[in-house]
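Asker: Structure below; questions to follow.
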Amino acid sequence: MSAAPTWGLVVETTLGTGERKHTEAQVVAHVTGSREEALAELERRARSYSPTHPLSPRRRRLLRGGDGFLLVVDGAWQSFVTRFTVAELLTDSAAPQAPEPEPVPEPEAGTAPEPVAEAAPPAPAAAREPELDADGVPVRPAWLGRRDLS
């Protein structure tokens with residue numbers, strides 16, 4: 001059984017004004033699970049997002065697209081756009097490298113194999129909840145410790 005995919009929540013927002021107006025992108029969080037779960041979290045963030053521009057918003061429109069949402073905020077003189085996108089994380093050069101598994105020695109002929117210790121029971125649901133910082137971003141990335149990423 002393969003592990004659930006990890007999704008990056010990407011926010012591309014307009015910064016600056018006039019000739020210095022430009023777009024910057026950042027991955028604001030990772031969600032491990034289904035695409036629908038990632039989109040639900042992305043929508044929650046898009047609805048509560050408060051862009052720095054315009055200073056005096058006149059109109060706010062949130063639109064849904066195939067991979068996410070588009071927030072258009074009209075100011076007194078110009079409009080500002082923020083794009084919220086969900087994308088599956090395929091590789092991450094900053095992810096910690098999983099240690100190589102140790103080879104299992106072959107049992108000698110005529111000896112009984114050692115009994116296998118039972119796995120510990122799963123942690124209670126409260127213990128599995130991720131710790132979040134003040135902005136709602138997980139303190140420990142969801143990919144940390146996953147052995148299926150390389």
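The values are calculated or read from the model by the stated rules, or taken from the named source; none is laboratory data. All values derive from a computational prediction rather than experimental measurement. To get the accessible areas, we keep the full protein, side chains included, count just its heavy atoms, and leave off ligands, DNA and RNA. Shrake-Rupley method; radii C 1.70, N 1.55, O 1.52, S 1.80 Å.
Asker: Could you tell me whether the range 81-102 includes any residue that is of a type in the set (Asp, Glu), modelled with pLDDT under 95, outside any loop (DSSP other than H, G, I, E, B) and farther than 26 Å from Pro138 by Cα?
Answerer: No; the residues of the range 81-102 include none that is of a type in the set (Asp, Glu), modelled with pLDDT under 95, outside any loop (DSSP other than H, G, I, E, B) and farther than 26 Å from Pro138 by Cα.
Residues checked against (1) of a type in the set (S, T, N, Q); (2) open to solvent by less than 20 Å² (accessible area, probe 1.4 Å); (3) on the phi > 0 side of the Ramachandran plot:
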| residue | (1), (2), (3) |
| --- | --- |
| Trp7 | no, no, no |
| Val27 | no, no, no |
| Leu39 | no, no, no |
| Ser79 | yes, no, no |
| Phe84 | no, yes, no |
